[in-house]
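Comments concern the structure below.
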Amino acid sequence: FTPQTLQGKSVIVTAGGTRERLDPVRFLTNDSSGKMGYAVAAAAQQAGANVTLITAPTRLTPPAGVTVVPIQSTTDLANAVLTRFPEADALVMAAAVADFQPLTTADQKIKKTKDNDELILKLKKTPDILAEVAKIKRADQVTVGFAAETQNLLANAQHKLESKSLDLLAANDVSRADIGFNSDDNQVTFIQADGVSDQTPKTSKTRIAAALVAKLATILATK
Ligand code: C5P
């Protein structure tokens, strides 16, 4: 039995690794499996929320009953999030968003020729979705981010929380092979805007998601 702590609330969850197209048959992406985001979507739904899952392609089946919005690129994700956020009570950005996207996408397949032993790809920064969300966020809305770090976990996470005006951030150390990307398990440090922080044990993404949703509900109740 899950307490219905998010009854009647609308929660947007993003998941998976974005795909940045180079040409009709190729893209740049990352190691995200989508498992953490799908687990959060399921936990929020079990807590009674109306869940919209905005998802990059994954191998996973979305939880029954959630509204699924498929996206590919960071630009798609930004549009999907920014149009829906005004109607939402909370946003959980679990998607692994590309930091850079190709400057141009070729209309036709990029060919190798006898002259191009090297191919230089030009990339540009993607929009920071949470930073854009911060600009339109109301006092009654909650935003939650993830921080995948390989060094200086806490300092980087604290900076991210502040710069993106987040209420809660789940930071994990992706340099560890036993947790994080693609693993069924994770270990995160939750950091709240009020300075409270605590570390979960290494456990299933399902349990981490339940802990995240419990914190989200508590924060939302104080708004
Ligand atoms: O800066 P970094 O990518 O580590 O921040 C991680 C958090 O910010 C995640 O919640 C991710 O979904 C979000 N993000 C974003 N827009 C980007 C990059 C990351 O909203 N362009």
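Looking across region 73-92, the residues that are within 16 Å of residue 128 (Cα to Cα), touching a Lys or Arg at 6+ places or on another chain (Cβ under 9 Å) and not in a helix (DSSP H, G or I) come down to 73, 91. Annotation note: of 60, 28, 6, the sole residue that is modelled with pLDDT of 95 or more and open to solvent by less than 20 Å² (accessible area, probe 1.4 Å) is 6.
Close Cβ contacts (under 9 Å, 6 or more residues apart or on different chains) running from residues in region 127-139 that are more than 17 Å from residue 15 (Cα to Cα) to residues that are assigned to a loop (DSSP other than H, G, I, E, B) and open to solvent by less than 30 Å² (accessible area, probe 1.4 Å) comprise 134/166. If you filter region 124-145 down to residues that are out of contact with any helix residue (DSSP H, G or I) (no Cβ under 7 Å at 6 or more places or on another chain) and crowded, with 17+ Cβ neighbours inside 10 Å, you find that the one that is farthest from residue 202 (Cα to Cα) is 137.
Can you find, within region 146-155, the residue that is surrounded by the most Cβ atoms within 10 Å (Cβ to Cβ) among those that are near the ligand (Cβ under 8 Å from one of its atoms) and of a type outside the set (Asp, Glu)? For region 146-155, the residue satisfying everything is 146.
Applying the criterion of being within 12 Å of the ligand (Cβ to nearest atom) and hydroxyl-bearing (Ser, Thr, Tyr) to the residues of region 95-145, the residue that is farthest from residue 75 (Cα to Cα) is 143.
Taking region 212-223 as the range and being open to solvent by 30 Å² or more (accessible area, probe 1.4 Å) and in contact with a helix residue (DSSP H, G or I) (Cβ under 9 Å, 6 or more places away or on another chain) as the test, only 214 passes.
The values are calculated or read from the model by the stated rules, or taken from the named source; none is laboratory data. Values in this document were obtained by computation on a predicted structure and should not be read as measured data. We place every Cβ from the backbone using ideal geometry, glycine too, and count neighbours over all the protein chains shown. Ligands, DNA and RNA are excluded from the accessible area calculation, which covers all protein heavy atoms including side chains. Shrake-Rupley method; radii C 1.70, N 1.55, O 1.52, S 1.80 Å.
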